[in-house]
Amino acid sequence: MGQPIALTKITIEQNKPPHRQAFVDGFEEPFDFGTHGGVKEFYGHDPDVEYPSTLDHIVAAAGG
């Protein structure tokens with residue numbers, strides 16, 4: 001088996017739950033994760049600021 005083409009270093013910081021930030025090596029700005037809409041209602045969150053959920057990022061990465 002060959003060597004990996006690329007490895008990504010990611011650091012996750014938990015802010016005021018459910019807000020998290022992902023710092024991806026090579027990018028200056030972090031990616032924000034949290035809850036919104038039906039997701040926040042399902043989990044009973046009342047965030048100060050709504051952010052895309054983890055699932056939103058996965059769906060976007062898969063091409064919509």
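Readers should treat all values here as calculations from the given coordinates under stated rules, not as data from a laboratory. What you are looking at is a predicted structure, and each value in this text was computed from that prediction instead of being measured. Note that we place each Cβ from the backbone using ideal geometry, even for glycine, and neighbour counts take in every protein chain shown.
Before moving on, here are some points about what is shown:
- Computed from point charges on the beta carbon alone (+1 for Lys and Arg, -1 for Asp and Glu), the dipole magnitude for the chain about its Cα centre is near 240 Debye.
- In percent, rounded to a whole number, the relative contact order of the chain is 22, using alpha-carbon pairs under 8 Å and six or more apart.
- The residues T54, T8, T35, when put in order of fewest to most other Cβ atoms within 10 Å, stand as T8, T54, T35.
- Toward the positive end of the charge dipole of the chain, with +1 on the Cβ of Lys and Arg and -1 on the Cβ of Asp and Glu, the farthest Cα among A22, P4, G34 is that of P4.
- Read-out mean projected area of the Cα convex hull in nm², derived from the coordinates shown; its label in (i) 4.0; (ii) 6.1; (iii) 5.0: (ii)
- Filtered chymotrypsin sites (Phe, Trp or Tyr not before Pro), the chain: DSSP coil and at most 16 other beta carbons within 10 Å: F27
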